[in-house]
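Read through the structure below, which is laid out as structure tokens, and then see the notes.
The values are calculated or read from the model by the stated rules, or taken from the named source; none is laboratory data. Values in this document were obtained by computation on a predicted structure and should not be read as measured data. Cβ: placed from backbone, ideal geometry, glycine included. Neighbour counts: every protein chain shown.
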Amino acid sequence: MHSLQATDPEIHDLIRKEERRQASTIRLIPSENYASRAVMEATGSVLTNKYSEGYAGKRYYEGQEFIDQIEEIAIARAKALFGAQHANVQPYSGSPANQAVYVALLVPGDTVMGLSLPFGGHLTHGWKVNFSGIQYRAVQYEVHPETHRIDLDQVADLARRERPKIIFAGGTAYPRIWDFEGFGRIASEVGAVLVADIAHISGLVASGVHPHPFPHAPIVTTTTHKTLRGPRGGMILSDGTYAKQIDRAVFPGLQGGPHNHTTAAIAVALKEAATEEFRQYSRQIVANARALAAALLERGFRLISGGTDNHLILIDVTPRGINGKPAARALQKAGIECNYNTIPFDPRKPFDPSGLRIGTPAITSRGLLEGHMAQIADWMDRALRACEDDEKLAAIREEIAEFCTDFPAPGIRVE
Ligand SMILES: *Cc1c(COP(=O)(O)O)cnc(C)c1O
């Protein structure tokens, strides 16, 4: 990055520091990953210079001969990887992708149903401070009070009573399999459109490690930067039923020019995700999450729903005499990055909840295997015991930095 160094040493220096931070700490934030160097090269290319409002063959600017090909390759790869009839790869990220579905199918005031945010749902599934809860009439399902799993009877009761036009299935802090087939039955019974938001699990779905939302959901939304390991972006996949409305909602309904550098990087990530190597990677994410959950249970941690089926684990840390926020802070000081999170029926406030959310996509990208999970659980256990002791936390951080040198993060070159 010599040009950047010459033009703006201040920003260059901060990026270098962030690079070293990412390389020398253990990243357990389940929505984060390491994109490959190839993905980053596409993201950092001249495609950022080009305007191309519209879709391939129907643009509002000249000079699209290569941009059109890039977007068409990205679309073809998305359709092939997910078995979709239609794909829109222009949404700027996951939230705008969901917003486009609202614009495509609803008018303000219509009823939408989703998993409540404090129970693991996403903001854009009808939470009250989000556009989805402000402009639409949102009704929210929760998880079962004992099993902490989604209770399809509760979902069906709510859907029959409230008659939503859209039902969202998907979340940000749900460690279990989504029964898309069951949701599909409920949606067709009440005449709703099922939208599967697979932002967190799209890499697992693409690899066949998690059940597929097609044909149960006609519309599937996703981010491209979580388990899919691409650039920050979003996609809307569908069985074709709502193709026209979706395309019109993205442009001109919500967005102007697509981010062509991101589109190209999405195409690269989709190519990477179609390989046997990536399928093996996805299986390893789940195997690592299971092994980490088992190692945490052995050390007395309380896991929501008792474990995990996917890439993420939700921990109630309050039985250890600590709350989520100070626990996340202590782990951060020890070189383990995660986030504090509400747990189902959390008696505490969202800005200082009872839980921690962790996951294995990023550490699996670095090549960690099941055998390494006991070591991570051990570091977490020690860090939470030493949460007031900055010296002990710094010592763990040293051990972790040393450990990390054996597992270089994809896409990061640290001198
Ligand atoms: C991450 C996520 C999103 C939104 O993605 P952004 O890119 O942060 O806007 C939407 N839905 C779910 C379920 C997510 O996990």
Do the conditions hold for residue 185, that is, is it surrounded by fewer than 18 Cβ atoms within 10 Å (Cβ to Cβ) and within 15 Å of the ligand (Cβ to nearest atom)? no
Report, by residue number, each residue of region 188-210 that is within 16 Å of the ligand (Cβ to nearest atom) and either in a helix (DSSP H, G or I) or of a type in the set (Val, Ile, Thr) (or both). 195, 198, 201, 202, 203, 204, 205, 206
If we scan region 234-250, do we find a residue that is over 23 Å from residue 197 (Cα atoms) and not in a loop (DSSP other than H, G, I, E, B)? no
I need every pair where a residue in region 289-308 that is touching a residue at least 60 places away in the same chain (Cβ under 8 Å) has its Cβ under 7 Å from the Cβ of a residue that is assigned to a helix (DSSP H, G or I) and among the acidic types (Asp, Glu), sequence separation at least 6 or different chains. 291/370; 299/381
Every residue from region 349-364 that is at pLDDT 95 or above and either in contact with a strand residue (DSSP E or B) (Cβ under 9 Å, 6 or more places away or on another chain) or among the basic types (Lys, Arg) (or both): 353, 354, 355, 356, 357, 358, 359, 360, 361, 362, 363
Helices (runs of 4 or more DSSP H) wholly inside region 304-415 containing at least 1 residues that are more than 30 Å from residue 1 (Cβ to Cβ), among the basic types (Lys, Arg) and not assigned by TED's automatic domain parsing to the domain that holds residue 204: 324-333, 373-385, 390-404
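Conditions tested, residue by residue: (1) crowded, with 18+ Cβ neighbours inside 10 Å; (2) within 16 Å of the ligand (Cβ to nearest atom); (3) at pLDDT below 95.
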residue	(1), (2), (3)
1	no, no, yes
9	no, no, no
26	yes, no, no
43	yes, yes, no
60	no, no, yes
70	yes, no, no
Complete set of residues in region 161-178 that are surrounded by fewer than 17 Cβ atoms within 10 Å (Cβ to Cβ) and not in a helix (DSSP H, G or I): 163, 177
For region 85-103, enumerate the residues that are more than 16 Å from the ligand (Cβ to nearest atom) and over 16 Å from residue 223 (Cβ atoms). 85, 86
In region 74-91, residue nearest to residue 136 (Cα to Cα) [restricted to those that are surrounded by fewer than 19 Cβ atoms within 10 Å (Cβ to Cβ) and in contact (Cβ under 8 Å) with a residue 40 or more places away in the chain]: 85
Inspect region 21-31 for any residue being assigned to a helix (DSSP H, G or I), touching a residue at least 40 places away in the same chain (Cβ under 8 Å) and over 30 Å from residue 401 (Cβ atoms) and give the result as yes or no. no
